[in-house]
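Reviewing the structure listed below.
The values are calculated or read from the model by the stated rules, or taken from the named source; none is laboratory data. Please read all numbers here as calculations on a predicted model, not as lab measurements. Here the Cβ is made from the backbone with ideal geometry for all residues, glycine too, and neighbour counts use every protein chain on show. Protein only, heavy atoms only, side chains kept; ligands, DNA and RNA dropped before computing areas. Shrake-Rupley method; radii C 1.70, N 1.55, O 1.52, S 1.80 Å.
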Amino acid sequence: MTAPPTSSSGLEVLLSALQNDGDVESTLNTLNILDELLSAGTDRRIHYMISKGGSEALLSALVNTGCSFCPNYTVLLLLLHLLAKVGHRDRGIGRKAQDAGAVLVTLNLLKHNITHAKRAAACLWVIQVFSSSVSTANLIGANHGLDIIFHLIPQYTTKHLHTIRAAINAFAALLSTKANVRSVVCKGYVSSLLRLYEDWHSKDTQHVAIAIRLTLLCCLQKVTHSTAGRQAFISQGGIRLLYQTTQTCLSKGLESLVEPSVQLLRKCLPKTRLPLTSDQSAYTFPLPGRPGAVPDVDLAPDDSSEESDDDEAEENEEAESRDYDEDLETDLNKLRLRPDPDRPKELLLQYSRLCPELSHDFEELDLSSASSSSSSSSSSSSDEEAVLLSRVSPCSSRRDRRRSDSSSNLSTSSSGCHSEIEGHSERHTEEHTPAAAQLKPRDFHSHSSILSTSPVSRTMTGEQRGDAPPGLRGDEQVDEEEEEGAEESHHCTMIDRLLESHGACVPHHEPKLYRAAAARTRSIPGFSILAFPDFWGHLPPPGHEPMAPRKPNIQRQKVFEDIQRFLNTDDIINQVVFDLEDSSLQSPSESLRFFSNFECGNLRKAVQVRRYEYDLILNADANSSQHTQWFYFEVSNMVTDVPYRFNVINCEKSNSQFNYGMQPVLYSVREALEGRPHWVRTGTEICYFRNHFCPAQDRRRTTFYTLTFTVTFRHNEDVCYLAYHYPYTYSALKAHLKVLQKSVDPSQVFFRQQILCGSLAGNSCPVVTITASPTSRAWKDLHQLRRVHPGESNASWVMKGTLEFLCSSDPVAQSLREAFVFKIIPMLNPDGVINGTNRCDLNSEDLNRQWCKPDPVLSPTIYHAKGFLYYLNSIGQTPLVFCDYHGHSRKKNVFLYGCSVKETLWQSGSAVNTVGLKEDPGYRTIPKTLDRIAPAFSFNSCNYLVEKSRSATARVVVWREMGVLRSYTMESTYNGCDQGIYKGLQTGTRELQEMGMKFCQSLLSVTKDMKAVYSRSLISSINLDHNILDHKSHNCFEDDEPPCVEEIEYSSDCPALKGCDLDSDINSNMSDSDEEEYGDEGHRVAKQQRGSMGQLQQPSLKSHLLPHLIRPASTDTLSEMKHTCNGRNFSNGHLTS
């Protein structure tokens, strides 16, 4: 029995022949056939050849031919060209070349052919390809390859440009390793590269050598990857040289050279430490159980510290490169099985008091009695609530004065004593303050006593915090002082007269209530000044505000201005004009004046850089050295019609909506006094990009970004406030709840405000119950949380809209109250909001990552919020809907994140068979409804995936542990919308409050009585404008922003040479004239070799470009070669024996 005939592909036969052929003509014909095969079609043929050992065959042929005593350069040229084409697409070519011994052979060929342009170019391309391997590049560098190649790069010339470019590309490829970069720096090649670039730049007046200038920039880009390389670049005047050449390129429109030059300049600007004594926050807070201690400073960026609950990209490079699908939860047990509660059931009974609707006797409610209102009000008792009900005046009570004698100016007990008041404080204010009618905006700056809360201000001391540990507080706990009430010694103070003469009518806002609430708010520094916008109130501007158009190349312009700081220091002032930690600092008379020592404020330091330019440094979250993004500060002493540039230089997020049309917000005191109390979008020339600053102590690797914007103030000597987004303070929430409580009709609305618990700093965390009054329905709870991240003030405005709508007389609101009991916790992180942090609580932890096992001492609000949900679950009142309000800094529109087992498994590509899995699709009902009725909402931005990194968030924990199907995070943009009727417009407080109302209206879709959904009276109450109905969301995830038009980061490397570009250079090199190749006198031997070969070889060399020039004899030879090789015949791609 005979074996079946073996068969091999024709390509394998050719490769075998290439390795075994001894005569030149057969080798040339084989190479020509390979070249013709690879030149036609796509790269698939080359990759197929690589898979069949094509690279090894070419390397073997190169070694055999190159090591001969008298190499045949006709064969070598074609071989080198093929090897460059194939090797460029073979990731393992460097290792293979080392194994075959071809690396040093190629380098040796280059040494002997330095004066031969075509040969040298071919060797250089192969060396470039080999250098894709680090070990191979180091081998070439160790054998003086860097020196050989660098000396092939001449001063400006118009000859052999292909060879020169090949030399620079090969040199750049070798610089991909640290060892070669160190060698280049030590040998002083950085200076030589700069001089070469300068020479080519100045002499290339016709711009014929743009590619060479670009590759020289690429070499500089590579060498400056190392610290030593950047230092050499700076010491040799590289920044000044590159800045000047870039300005010339700009004037001549050479954009291809400008951008890489700018990226190189940005990377090489010397690192500058932030002008701070410590990276640690200016606010520290001793934590319970850790007397006198604060958390350790983080030594590495916090991976979990990202925007909002769900779809934010991580800050560091590792998280950026992580496959998103790998983060999806694929463990079916974790997705489906409900874990055991984290506490005994006995501990849940304490939350029964938070369900007053279950025990309230509506039958005894006297709807006509005026006293019922006061009774209802008095039932919601907490220290802050009692203060607001009694409307405490700016003056302290006699009791306060008595206590102040023994406790100086600081409160010393948890029951709430107040700062000492000088007996003449009010008289002093009235004597030294102009009459209300004569007040000017400058009278309201931070140093004025008009907006001081000092009469009832409260500071936080260690003794206070020790006496009043956070914990659950009962309704019966009422401050003794608040039972007595605060006495008003002056009913017609300066504030009263001011409000009478200038006050605007802001719905649901009472400045006096706000001041009283703020006076009892506990902060780390002990705020005693009110920010005017928070006290006075805000009305949405009359019209919509469009997104700011981005000025072309604005980031480049700002980078050039920053580079000028380094090059030209004549106009640089660099004077600190505000320091949060130095209250004695006096700013120059001509500079702007800054202040941020008020609730929600955040500005740590301001440095005047130039006359009208200021660097702003934000304060890290309390007890932390990270999370700098939120800002809110006062600025005064401005001059009108002068563009002031502000640079927030220590932002931490790697991208921002400021690059896509978003503007900061501004509030003018003068405008407010003239009847226009508006927060308005402001700023021009806005961009957000990575800068050259580093931490003050360099204890962790942190990349900082600059938000730069320009503001031209409208009024001289105005007092203005600038903020990241519309501020909303804790005191504003407290005052707002009190206003709502007084405004509701108790015959229609059951409104009860209670205290969930105390915060770490002793501030109360309110919980609000809203439902119908009276009722006979079987109620279902809906739970809503908001603002766990302090910097997400937009979530507070959405909540404001929700609260006001639910308390209104709107028929939809009435139906919702009759159908549901709303349990609302408006602010889960009051301490963070008060102290102006961006993300964390005073324990330096992200509270929305603490829901799995919250610490009752360090995370009391989360612990008790979760406990309350456990309690509702235990009594059969599991919430029908749970929604956590958040803000999103990188996407437009408003959208929801939910939880779905099936969608998570589908997206992750899990092998779990989901056919048998049953899942209620009701989690999509509310998003679909919102997409119909809410113009700012985008259904296709929603997703319902459960990620491992979000397993400890409220949304996931409530879904998994409490079994709430409709557990959501609602994300609201800081910017605006890119769809619907709000397309191209920035979102204001009006639209945010509308979103809160629309969310409530969408709950009609989950009522059991579906007739209510189709009630004509209710439908007419919901604004179903046709434009809204017809608006279509984008395809899934298309709301994510495209790459910014300008590079936010420094370019990590110069653009790699594409395969098609290398092929083009090779083909051009092969088609050059023979006279250029062999015209030198020193190569007569090569010419004689060529003559002895006859005329066959020259047509064969060009056959891939000029097949019509191949002689018939050569064609016959090629045809014969295609069917016979080394005595073996093959046809149709298969070898036959």
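Of note:
- Residue match in the range 970-979 (condition: closer than 30 Å to residue 662 by Cα, modelled with pLDDT of 95 or more, hydrophobic (A, V, I, L, M, F, W, C) and not in a strand (DSSP E or B)): no
- Looking across the range 566-582, the residues that are under 18 Å from residue 616 (Cβ atoms) and part of a loop (DSSP other than H, G, I, E, B) come down to 572, 573, 574, 580, 581, 582.
- Of residues in the range 797-856 being within 27 Å of the chain's Cα centre (by Cα) and among the hydroxyl-bearing types (Ser, Thr, Tyr), the one most open to solvent (accessible area, probe 1.4 Å): 844
- Test: residue in the range 343-353 that is among the basic types (Lys, Arg), modelled with pLDDT of 50 or more and open to solvent by 70 Å² or more (accessible area, probe 1.4 Å): yes
- Some residue of the range 160-179 being open to solvent by 10 Å² or more (accessible area, probe 1.4 Å) and farther than 24 Å from residue 88 by Cβ: no
- Inter-residue pairs, beta-carbon under 8 Å, first part of a loop (DSSP other than H, G, I, E, B) and in the range 543-565, second hydroxyl-bearing (Ser, Thr, Tyr), 6+ apart: 544/982; 547/660; 548/684; 550/660; 551/684
- Residue satisfying all of: in the range 711-749; farther than 18 Å from residue 533 by Cα and small (Gly, Ala, Ser); nearest to the chain's Cα centre (by Cα) among these: 743
- Residue check, residue 139 modelled with pLDDT of 95 or more, open to solvent by 30 Å² or more (accessible area, probe 1.4 Å) and either β-branched (Val, Ile, Thr) or over 37 Å from the mean Cα position of the chain (by Cα) (or both): yes
- Positions within the range 30-72 being within 49 Å of the chain's Cα centre (by Cα), of a type in the set (A, V, I, L, M, F, W, C) and open to solvent by 70 Å² or more (accessible area, probe 1.4 Å), in sequence order: 37
- Residue count for the range 911-932, restricted to those that are of a type outside the set (Gly, Ala, Ser) and either open to solvent by less than 10 Å² (accessible area, probe 1.4 Å) or in a loop (DSSP other than H, G, I, E, B) (or both): 11
- Residues in the range 188-205 that are out of contact with any Leu (no Cβ under 8 Å at 6 or more places or on another chain) and surrounded by fewer than 20 Cβ atoms within 10 Å (Cβ to Cβ): 9 in all.
- If you go through the range 603-619 and keep only what is under 30 Å from residue 827 (Cβ atoms) and open to solvent by 10 Å² or more (accessible area, probe 1.4 Å), you end up with just 605.
- Residues that are aromatic (Phe, Trp, Tyr) number at least 2 in the following strands (runs of 3 or more DSSP E) confined to the range 592-639: 593-595, 632-636.
- Residues of the range 717-739 classified as closer than 19 Å to residue 991 by Cβ and assigned to a helix (DSSP H, G or I), total: 2
- Residue match in the range 915-935 (condition: on the phi > 0 side of the Ramachandran plot and either β-branched (Val, Ile, Thr) or in contact with a strand residue (DSSP E or B) (Cβ under 9 Å, 6 or more places away or on another chain) (or both)): no
- Single residue of the range 673-705 satisfying the filter (at positive phi and of a type outside the set (Gly, Ala, Ser)) that is most open to solvent (accessible area, probe 1.4 Å): 698
- Residue that is among the β-branched types (Val, Ile, Thr), open to solvent by less than 10 Å² (accessible area, probe 1.4 Å) and either under 30 Å from residue 815 (Cα atoms) or in a loop (DSSP other than H, G, I, E, B) (or both), where the choices are 769, 708: 769
- Test: residue in the range 802-812 that is within 30 Å of residue 633 (Cα to Cα) and not hydrophobic (A, V, I, L, M, F, W, C): yes
- Residue within the range 573-594 that is of a type in the set (A, V, I, L, M), under 27 Å from the mean Cα position of the chain (by Cα) and farther than 15 Å from residue 281 by Cβ present: no
- Residue among 637, 650, 655 that is touching a strand residue (DSSP E or B) at 6+ places or on another chain (Cβ under 6 Å) and surrounded by fewer than 21 Cβ atoms within 10 Å (Cβ to Cβ): 637
- Top-ranked residue in the range 951-972 [being basic (Lys, Arg) and open to solvent by 10 Å² or more (accessible area, probe 1.4 Å); ranked as farthest from residue 925 (Cα to Cα)]: 960
- Scan of the range 517-532 for residues that are out of contact with any Phe, Trp or Tyr (no Cβ under 9 Å at 6 or more places or on another chain) and either among the charged types (D, E, K, R) or crowded, with 24+ Cβ neighbours inside 10 Å (or both), ordered by number: 519, 520, 522
- Neighbours by Cβ (under 7 Å, 6+ apart or cross-chain): first from the range 714-733, open to solvent by 10 Å² or more (accessible area, probe 1.4 Å); second in a helix (DSSP H, G or I) and of a type in the set (A, V, I, L, M, F, W, C): 728/797
- Taken over the range 662-680, the criterion of being in contact with a Lys or Arg (Cβ under 7 Å, 6 or more places away or on another chain) and either acidic (Asp, Glu) or in a loop (DSSP other than H, G, I, E, B) (or both) is satisfied by 663 alone.
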